[in-house]
Amino acid sequence: MDVQYVQGDCIFTRTNKLTKQYPYLTQNINTDVIIVGGGITGAILGYYFSKNNIDTVILEKARIGHGSTSITTSLLQYELDSNYIDLKSYTTPHNIIKSYELGIKALDEIKKFIDKYGNNCNYKVVDSFLYTDKDKEKIEIIEEYKFRKEAGLKVELIDKSNNPFKFDIEAGLLSKGGGAQFDPYKFTQDLLNVGCDYGLRVYENTEAIDIKYEDNNVTIESIYGHKVRGKIVIVASGYNTELFTKRTLGTKTTTFNVATKPINNLEDIYKNVIIRDNEDPYNYLRTTSDNRIIIGGEDVTFSPHKFNKNLYTKNYNKLEKRLTKLFPNLNIDIEYKYCGAFASTKDNLGFIGKDPDNSKLWYCLGYGANGILFALLGGMMLSELYLGKTNIYMSLFKIDRFD
Ligand SMILES: Cc1cc2nc3c(=O)[nH]c(=O)nc-3n(C[C@H](O)[C@H](O)[C@H](O)COP(=O)(O)OP(=O)(O)OC[C@H]3O[C@@H](n4cnc5c(N)ncnc54)[C@H](O)[C@@H]3O)c2cc1C
């Protein structure tokens, strides 16, 4: 039985019309780079490789952008899921700061893309806010503030005295303009449109079911028996990597989201900020261009093949309750409820680079809460690597760093 990675009424594929359908593969073809997975990560890779004049093919087993791309909340933040205090047992302060700087670079890259090709995906630069309403967690936020401030990042400390929001705060960390948000499905389609103008070939409904490595090539066989021969394959298949490796990459949970109907009296302050609390597991929220609020969190251990209706209903209800508590003056009417697999790593970073034992097998896996920004970095770094240039910071994302 197929593992179900996404469940429910996924907002981004429900609110968007299908803009373009790609063909399925009906013959054997040759290319230089084969990307397996047609979500936002595959689309980012396809864009960067084809822009660099590298012959590239994307294979997507179902429909473009209907995997976790259809439910990602798309909070684009330079900061990581955990704070410095939690991360320091797994990595160095230098690496944490470097990860923040790389996040800022990835945010700049998205802005450059939008500036060049137009804003067709409701992209918006917003503030990024991390907070706690618990007195005992105040110190953690203050430590994180000091850590970032010393590193030269632009952050403000918020407390009860200067709280601009209507909900309670003991301590908060505001990064003005430190984040962005967009519609991930539209952004994916946009990247593919531009990529195809550069020569990218995209095949939907084309599942990769077998892979063979030869001296100078790698061949992927599709479910209907057609073959794609390339020089390398890049795994952009999200949380589904079994075809390529036996490695356990990341710890999987199921994370839940609910999205409201458009809200008339939503105040501007909430339209310009993405918010995360400091709970474990944490809640995160954003608004959309049509004034909905999306809130997520309540993560539980991922159980393949198991749909626990009672548990899911309970978690959706918890999110709704949390929203009502945060915004008692708003009419909270939930329209979409959905959940999906999510993978995290000890140092909060994804996986980008070559397999340590196979130079033709490359990975771009945006694990962690910053999956989209990691995919952006993967697109930049891996296309450079293909052209012979190694980015020194790619080592942060090494596949075997936990071995
Ligand atoms: C609820 C939720 C909220 C999230 N919030 C955020 C957030 O706020 N910010 C952020 O940056 N990240 C967030 N993430 C993480 C983010 O969703 C992921 O990083 C990103 O969407 C992953 O995109 P992807 O293209 O790698 O995966 P997917 O969209 O899942 O794409 C992988 C594709 O590969 C295809 N595929 C798999 N196997 C094969 C095969 N054998 N042959 C061909 N195709 C195959 C699948 O069909 C799928 O379409 C969130 C994730 C979830 C679940």
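What follows is calculated from the coordinates using simple rules that are stated; it is not laboratory data. Quantities reported herein were computed from a predicted structural model and do not represent experimental measurements. Note that each Cβ is placed from the backbone with ideal geometry, even for glycine, and that neighbours are counted across all protein chains shown.
Structure notes:
- The translational diffusion coefficient of the chain, from Stokes-Einstein at 37 °C and 0.692 mPa s with a Kirkwood hydrodynamic radius over alpha carbon pairs, comes to 152 µm²/s.
- 4 °C / 1.567 mPa s Stokes-Einstein diffusion coefficient of region 41-130, Kirkwood radius on C-alpha pairs, µm²/s: 82
- Rounded tilt (10° steps) of 371-386 against the dominant C-alpha axis of the chain: 30
- For the chain, modelled as a GNM whose springs connect Cα atoms under 10 angstrom apart, the maximal fluctuation among LYS88, LYS186, LYS309 occurs at LYS309.
- Cα-based helix-to-principal-axis angle, 184-197 vs the chain, degrees rounded to 10: 30
- Summing +1 for each Lys or Arg and -1 for each Asp or Glu among the other residues whose beta-carbon sits under 15 angstrom from that of ASP215 gives +3.
- For region 238-339, with +1 on Lys and Arg beta carbons and -1 on Asp and Glu, the positive-most of THR245, PHE302, PHE327 along the dipole: THR245
- For region 5-153, the Cβ-based charge dipole about the Cα centre amounts to some 480 debye (Lys, Arg positive; Asp, Glu negative; other atoms uncharged).
- Net charge of Cβ neighbours under 13 Å - reference PRO23; Lys, Arg +1; Asp, Glu -1: +1
- Sequence-distant lysines (8 or more away, or on other chains) whose Cα lies within less than 17 Å of LYS360: LYS212, LYS227, LYS231, LYS246, LYS389, LYS398
- Distance from region 140-175 to region 325-403 (C-alpha centre basis), Å: 26
- Cα point-scatterer Debye curve for region 155-268, base-10 log of I(q)/I(0) at q = 0.11, 0.12 Å⁻¹: -0.72, -0.80
- Calculated diffusion of region 219-326, Stokes-Einstein form, Kirkwood radius summed over Cα pairs, 20 °C and 1.002 mPa s, µm²/s: 124
- Values of log10 I(q)/I(0), in the order q = 0.27, 0.30 Å⁻¹, for region 185-226 under a Debye, Cα-only, solvent-free model: -0.88, -0.93
- Peptides 375-381, 27-33, ordered by how many other C-beta atoms sit within 10 Å of their residues on average, highest first, read 375-381, 27-33.
- Rg/Rg_ref, region 64-220, where Rg_ref = 2.2 N^0.38 Å and atoms are Cα: 1.34
- Of all DSSP-defined beta bridges confined to the chain, some 70% are antiparallel rather than parallel.
- Between ILE158 and GLY172, LEU173, LEU174, the built amide H atoms are under 5 Å apart, and every one of these is 5 or more places off in sequence or on another chain.
- Residue-count net charge about ASP55 - beta-carbon cut-off 14 Å; Lys, Arg +1, Asp, Glu -1: +3
- Axis angle, to the nearest 10 degrees, between helix 138-150 and the longest C-alpha principal axis of the chain: 60 degrees.
- Computed [θ] at 222 nm, helices only, for the chain once each DSSP H run of length n ≥ 4 contributes -39500 (n - 2.57): -8500 deg cm²/dmol
- Computed FRET value (nearest 0.05) for PHE167 with GLU335, which takes r as the C-beta separation and R₀ as 30 Å: 0.85
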